[in-house]
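Here, each number is a calculation from the coordinates, and none is a lab measurement. Just so we're clear, the structure is a prediction, and the values are computed from it rather than from any experiment. All Cβ positions, glycine included, derive from the backbone under ideal geometry; neighbour counts span all protein chains shown.
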Amino acid sequence: MRFVSQPVVQKMPARYGIAPAQPALAGAAGSTDGSHLVQLGSFYSEQGARRAWGIYTSRNPALGGHEMKISQAVVGGKRYWRVSAAGFDKAEARSVCANVTNKGHGCIPYAADRPLPGAVEF
């Protein structure tokens, strides 16, 4: 699995889409707000992003019950597939990312209405 770093600044299109990749687990507790996501990784293929989801959720129980989201991005002229967990409020997203980062993994909290740089419009 290969992670890709992202640039800090890049002009974004006006509208974005995040394609749902799999439903949340039944009976799992999620946020009542749900306005934020946490990006866990960026990959060269959609399959790589989907495969990574299982690894992330097994290593980070706080992700359990949250919906996996796959989105596309173009950075430096190359297409990437980002995997994120959805259904957090702002504080939860920050807390989850702090825990993921403390375990040595990358994590970026962001608001659903403000996609990360490079997000592709659907």
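For segment 62-102, backbone nitrogen atoms closer than 19 Å to the point 7 Å from R114 Cα along Cα-to-C-beta are found at 84-98.
What number comes out for the charge environment of S35, summing +1 per Lys or Arg and -1 per Asp or Glu over other residues with Cβ under 13 Å away? Charge balance near S35 sits at -1.
Looking at segment 37-122, the GluC sites (Glu not before Pro) that sit in a DSSP loop and have at most 16 other Cβ atoms within 10 Å of their own Cβ are E121.
Fewest neighbouring Cβ atoms within 10 Å first, the residues Y44, Y56 line up as Y44, Y56. Report the calculated FRET efficiency for N99 and E121 (r = Cβ-Cβ distance, R0 = 30 Å), to the nearest 0.05. Efficiency, from the Cβ-Cβ distance: 0.45.
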